[in-house]
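Some notes on the structure that comes next.
The values are calculated or read from the model by the stated rules, or taken from the named source; none is laboratory data. Just so we're clear, the structure is a prediction, and the values are computed from it rather than from any experiment. Here the Cβ positions follow ideal geometry from the backbone for every residue, glycine too, while neighbour counts run over all protein chains shown.
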Amino acid sequence: MKNHMLTLKLVLGLMLLQVPELSHASEQGQKLYQEKCTACHSISDNSNISLSQRLQEKAPTLYYAGNKFNAAWLEQWLAAPKRLRPGGHFFLNKVKVTDDGDLIDETKLVNHMTVQPKEAKQITQYLMLQTPKADLIALEQVTLGKVNRTLGEKDFNKFKGCGSCHQDEDGYGGVSGPELYTAISRLKPNFIASYIRHPEKWDPKTLMPNRHLNDNSIKKLVNYLNVISE
Amino acid sequence: MKTFSFIVLLSTLFAITEAYATDTKNGEILYQAYCTQCHGLNGDGWGVNAASMDVLPKDHTDTKGMVTRTDEDIFIAIKKGGKAVSKSNLMPNWDANMTDQEINDLVAYVRLLCCEKEK
């Protein structure tokens, strides 16, 4: 009994030590966010954004970052970022018209800044606190599963038309939207489902259409992203 | 009394025209935001996404082809998607992204692009 009490005290003690440490890290993260991220990203409520404001954004909103990202992925990515959007956040000002059709002018693409691993951890801790849309997430109950890859690919490209804007393999698919072959490691499954169900509730001036898909169709798409996940 | 009725009639007609007036400038902004990714910066159907698509997006500069489409056809295609006008499912429904008024502005701009270039 004595031993149990001792263990309990030890655990409680450790917890008390951890809370201020976490809070300190997120405070540091907030400072770093202000210093390094606000030139391109916004964290404020996007509910009343106009289309022209949306089109002038330099980078995606981080308003609901905590509802959206997997923390482990975010921390790792901030320290070693890799392009997620082949055409940048908004493709239009990177387009060059050529005889072979419109192309993305890669010289106009800007690389995401890199931060030190310790900073990445602190920024991540701050961003993961941004969860204003927990009510939308609570409506989803995704359990990742599998789907036949060939049928899933057909569904993704031909039937749902996702491949027109998104890549499901490096170099294959549209370039105006973010690639989706790392979606499962990058994004929370319930966020993916919710964003497919009603993108405009997340981003009122989103460039993604709401295809009015039912639960089963959304599940198939999420499972396809799971199967192709890198 | 007759003059009064005439003024009322004129005002009503003016109000109705105003309400349904389309704004091609706004239509152009909407076109750039939602359409150019597939239909191209110049509307020729060769947008940045076109190369990887199974069905080529409609060339909106093809006057001959576009004059056969009514404004209502174009409105329905934008609002409900290509399938609603017996065309490709790859043309999505934009009903959650634009209001009917905005879609009307977009239709007016598409019409300008395809068929009224000389104006």
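Table for the structure above
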{"item": "Some residue of the range B:43-58 being assigned to a helix (DSSP H, G or I), surrounded by fewer than 20 Cβ atoms within 10 Å (Cβ to Cβ) and of a type in the set (D, E, K, R)", "result": "no"}
{"item": "Condition met for A:Leu84 (surrounded by fewer than 21 Cβ atoms within 10 Å (Cβ to Cβ) and either farther than 27 Å from A:Leu32 by Cα or within 14 Å of chain B (Cβ to nearest Cβ) (or both))", "result": "no"}
{"item": "Residue pairs meeting the criteria (Cβ under 6 Å; at least 6 apart or on separate chains; first within 14 Å of chain B (Cβ to nearest Cβ) and buried (at least 20 other Cβ atoms within 10 Å of the Cβ), in the range A:140-165; second small (Gly, Ala, Ser) and in a loop (DSSP other than H, G, I, E, B))", "result": "A:Ser164/A:Gly174; A:Cys165/A:Gly174; A:Cys165/A:Ser176; A:Cys165/A:Gly177"}
{"item": "Answer residue from the range A:189-203, given it is within 8 Å of another protein chain (Cβ to nearest Cβ) and in a helix (DSSP H, G or I) and is surrounded by the fewest Cβ atoms within 10 Å (Cβ to Cβ) among those", "result": "A:Glu200"}
{"item": "Residue check, B:Asp44 among the acidic types (Asp, Glu), within 11 Å of another protein chain (Cβ to nearest Cβ) and farther than 18 Å from A:Lys94 by Cα", "result": "no"}
{"item": "Qualifying residues in the range A:87-108 (those that are within 13 Å of A:Cys40 (Cβ to Cβ) and touching a residue at least 24 places away in the same chain (Cβ under 8 Å)) - the one nearest to the other protein chains (Cβ to nearest Cβ)", "result": "A:Phe90"}
{"item": "Number of positions in the range A:209-230 that are part of a loop (DSSP other than H, G, I, E, B) and farther than 18 Å from A:Leu139 by Cβ", "result": "3"}
{"item": "Residue match in the range B:18-38 (condition: in a loop (DSSP other than H, G, I, E, B) and touching a Ser or Thr at 6+ places or on another chain (Cβ under 8 Å))", "result": "no"}
{"item": "Which numbered condition A:Leu127 fails, given (1) in contact with a strand residue (DSSP E or B) (Cβ under 9 Å, 6 or more places away or on another chain); (2) crowded, with 19+ Cβ neighbours inside 10 Å; (3) within 12 Å of another protein chain (Cβ to nearest Cβ)", "result": "(3)"}
{"item": "Criterion (of a type in the set (Val, Ile, Thr), in a loop (DSSP other than H, G, I, E, B) and modelled with pLDDT of 95 or more) met by exactly one of A:Thr114, A:Thr124", "result": "A:Thr114"}
{"item": "Subset of the range A:204-218 (residues that are crowded, with 18+ Cβ neighbours inside 10 Å and either more than 10 Å from chain B (Cβ to nearest Cβ) or farther than 17 Å from A:Arg54 by Cβ (or both))", "result": "A:Arg211, A:Ile218"}
{"item": "Contacts under 8 angstrom Cβ, first residue in the range A:112-128 being farther than 15 Å from A:Ile43 by Cβ, partner surrounded by 14 or more Cβ atoms within 10 Å (Cβ to Cβ) and basic (Lys, Arg), 6 or more apart", "result": "A:His112/A:Arg83; A:Met113/A:Lys36; A:Val115/A:Lys36; A:Glu119/A:Lys36"}
{"item": "Of all residues making up the range A:166-177, the number that are outside any loop (DSSP other than H, G, I, E, B), closer than 21 Å to A:Pro60 by Cα and either at the interface with chain B (Cβ under 7 Å from one of its Cβ atoms) or among the hydroxyl-bearing types (Ser, Thr, Tyr) (or both)", "result": "1"}
{"item": "A:Pro81 being under 13 Å from A:Arg186 (Cα atoms) and assigned to a loop (DSSP other than H, G, I, E, B)", "result": "yes"}
{"item": "Qualifying position, being outside any helix (DSSP H, G or I), basic (Lys, Arg), at pLDDT 95 or above and within 27 Å of A:Asp100 (Cα to Cα), among B:Lys87, B:Lys64", "result": "B:Lys87"}
{"item": "Output for the range A:51-65, where each listed residue is more than 12 Å from chain B (Cβ to nearest Cβ) and basic (Lys, Arg)", "result": "A:Lys58"}
{"item": "Verdict on A:Arg186 being crowded, with 20+ Cβ neighbours inside 10 Å and over 20 Å from A:Arg83 (Cβ atoms)", "result": "no"}
{"item": "Criterion violated by A:Tyr33 - all others in (1) of a type in the set (Ser, Thr, Tyr); (2) buried (at least 20 other Cβ atoms within 10 Å of the Cβ); (3) part of a loop (DSSP other than H, G, I, E, B) satisfied", "result": "(3)"}
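To keep it simple, each residue is scored yes or no on (1) crowded, with 17+ Cβ neighbours inside 10 Å; (2) touching a strand residue (DSSP E or B) at 6+ places or on another chain (Cβ under 8 Å); (3) modelled with pLDDT under 95.
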{"site": "A:Lys2", "(1), (2), (3)": "no, no, yes"}
{"site": "A:Met5", "(1), (2), (3)": "no, no, yes"}
{"site": "A:Ser23", "(1), (2), (3)": "no, no, yes"}
{"site": "A:Ser50", "(1), (2), (3)": "no, no, no"}
{"site": "A:Leu62", "(1), (2), (3)": "yes, no, no"}
{"site": "A:Gly66", "(1), (2), (3)": "yes, no, no"}
{"site": "A:Lys94", "(1), (2), (3)": "yes, yes, no"}
{"site": "A:Asp100", "(1), (2), (3)": "no, no, no"}
